[in-house]
1. Which one, A:Asn52, A:Val39, A:Leu64, projects farthest toward the positive side of the charge dipole computed for segment A:9-81 from Cβ point charges (K/R +1, D/E -1)?
2. Using a ≥ b ≥ c from the Cα gyration tensor of chain B (square roots of the eigenvalues), is it rounded, prolate or oblate, where a/c under 1.5 gives rounded and otherwise the larger of a/b and b/c decides, a/b for prolate?
3. Along its three principal axes, how long is segment B:1-119 when you only count alpha carbons? Whole Å, largest extent first please.
4. Mind ordering A:226-232, B:230-236, B:45-51 by average Cβ neighbours within 10 Å, highest first?
5. Helix hunt in chain A: which complete DSSP H runs extend at least 27 Å axially by C-alpha with mean Kyte-Doolittle at least -1.0?
6. Among B:Leu162, B:Ala213, B:Thr89, which residue has its Cα furthest toward the positive end of the charge dipole of the protein assembly as shown, with +1 on Lys/Arg Cβ and -1 on Asp/Glu Cβ?
7. Magnitude of the Cβ-charge dipole of chain A, K/R +1 and D/E -1, about the Cα centre, nearest 20 debye?
8. Over segment A:188-275, what is the relative contact order in percent, taking alpha-carbon pairs closer than 8 angstrom and at least six residues apart?
Amino acid sequence: MALKIFTTKRHKPMRWINTKPTRATQIALMLAPFVLLIVAYGFTSAARLADNPADKLLPALQTLTDAVNRMAFQPDPRTGEYLLWSDTGASLVRLFSALGISTLIALFFGMVIGMLPYVRALLAPFVATISMVPPLALLPILFIVLGLGETSKITLIVIGVAPAMIRDLALKVLELPREQTIKAETLGGSSWQIALRVVLPQVLPRLITCLRLQLGPAWLFLIAAEAISSDSGLGYRIFLVRRYLSMDIIFPYVLWITLLAAITNFALDRLRIAVFPWSNLEAR
Amino acid sequence: MSEIVLDKVWKEYGDQIVLEKISLTIASRAFVALVGPSGCGKTTFLKMLLGEEAPSQGVITLDGVPLIAEPGPDRGVVFQRYSVFPHLTVLGNVLLGKVFKRSPMAARLFGAERRAAIDEAMMLIAEVGLNGSETKYPAQLSGGMQQRLALAQALIMKPKVLLLDEPFGALDPGIRAEIHVLMKRLWHETELTVVMVTHDMREAFTLGTRVIAFERPRDRPEERERYGAVLSRDIDIWPPRIAGEPSIFAPDRDDPVIALGLGQDDLAPQGDIVP
Ligand SMILES: Nc1ncnc2c1ncn2[C@@H]1O[C@H](COP(=O)(O)OP(=O)(O)OP(=O)(O)O)[C@@H](O)[C@H]1O
Ligand SMILES: [Mg+2]
């Protein structure tokens, strides 16, 4: 009688949540949306150009590669610079100095807010409030106070990303099991030693993850600042050529920015796994 | 010497009374097993001995000196979970106590000092049976191995008192029996006074020299806030177990070996002695 249960005729299909693609399917699926996008672009662009050969909105793929070639591999007749690379250099210097400064600020304040009750009482509500200020609204003030140079752009990015990073790190410190701090105290650790050997190494992986999540906002603030006042940079170029409706330059620039951000994102994650191998054991 | 004396200790959290008027003297080198129903304040009691919580009333003294309300290196601890550091290897975990002691600023050891500390740590790691796993991270160890590691990590400080909060509660019976043997050996060989919270009566009577029970005499829901748990049973194990001395009555593989006593094939009760 009981065996009947195992010999039911109806074949029940597997739940959707349990059906997984094979490795090959996975790669195919991963590439599909990208290919689809390029193909769709190709068709739409061809259709528009067939209508009106002077159309500038969706340039042909050939026009795009020509533009890339011009920007990346031929010196600009006016300045003699290879514009894509000089723009990239200018933007990355701003972006990475701002992210570096934000990381240091977040590490310091995140740790003291997370570890020291007095500092927490003093600064946690303040940082929470500051993080609500929309940074772009501050941009005019920054330009007036700090001038139109690099300082105001870097400051904008720092103001945009640091408060969120501080709050995230402070939370991570508070999330560390209480048992760990107690244990470290019974091993004779002072506040400083516990900060250095117990808390710091455990928040560093989170700091890297936090940095990855802030890449998007950081690029946003960078391009906004460059768009408004600059004489070089990827954002500057996009907003400059916009006047001439040069989509053949804007599209590759957008792609290039996306690629840079994606590579940074990936590299930071690899870095975390390489430097803190234990942080990946936990996640399984 | 490490005698712990509690004099009329109360503990309240806000309006809730958790422990009432606990007076107790724990002799040096005793192995006290603390039992009681869930929520009766066993962990709270341990926290007070640890210094994580201060008593609301009353004093606790260790060797006649009142405890300060802060954990310190004279009292080691092993919790049920989170007792080891996930970002350090087995060796790193055991070394940490030494490092804290020797290197106040850099919190790192170098050269000969580091080698000496490593030698000492390796001995302890071997003692708890973790040799071969020195370079593994806790996430790569089983639950039983993690608790052994936690023991080694605590013992490198040579604490006077070792506090255990259901340290073996999550282990399966086989592993637990193994770690009991280890625990007994460590207690015999080191200068430790042990207080262990457990839910397992068998464990309490296998390891302890004295079993203490907390209980709420009034446990109706409306009374729960106003009345705390009291010390309801205090049983000295008989025949007495004495640290470092073999028991002639129930020699088992846990105790130091002596010539007389039962042979290997005799059915010796494994420490389950009725008081
Ligand atoms: N920080 C706290 N604030 C308020 N009440 C607390 C706090 N810690 C413990 N309590 C209360 O004290 C009582 C005793 O808790 P405790 O953790 O000591 O119990 P326990 O005997 O260890 O239980 P278990 O066997 O389940 O671990 C519980 O009723 C609990 O609600
Ligand atoms: Mg408890």
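The values are calculated or read from the model by the stated rules, or taken from the named source; none is laboratory data. On a predicted model such as this, the values are computed, not experimentally measured, just so you know. We place every Cβ from the backbone using ideal geometry, glycine too, and count neighbours over all the protein chains shown. Calculation scope for accessible area: heavy atoms of the full protein, side chains included, ligands and nucleic acids excluded. Shrake-Rupley method; radii C 1.70, N 1.55, O 1.52, S 1.80 Å.
1. Sorting the options by dipole projection puts first A:Val39.
2. Numbers: a/c = 1.78, a/b = 1.18, b/c = 1.50.
Because a/c hits 1.5 or more and a/b fails to exceed b/c, chain B counts as oblate.
3. 52, 30, 27
4. Working: A:226-232: 17.9, B:230-236: 14.3, B:45-51: 22.6.
Ranking, from highest mean packing down: B:45-51, A:226-232, B:230-236.
5. A:23-51, A:83-115, A:150-175, A:200-228, A:247-275
6. Most positive-ward Cα: B:Thr89.
7. On the way: 27 positive and 16 negative charges, 321 e Å.
That gives chain A a dipole magnitude of about 1540 debye.
8. 30
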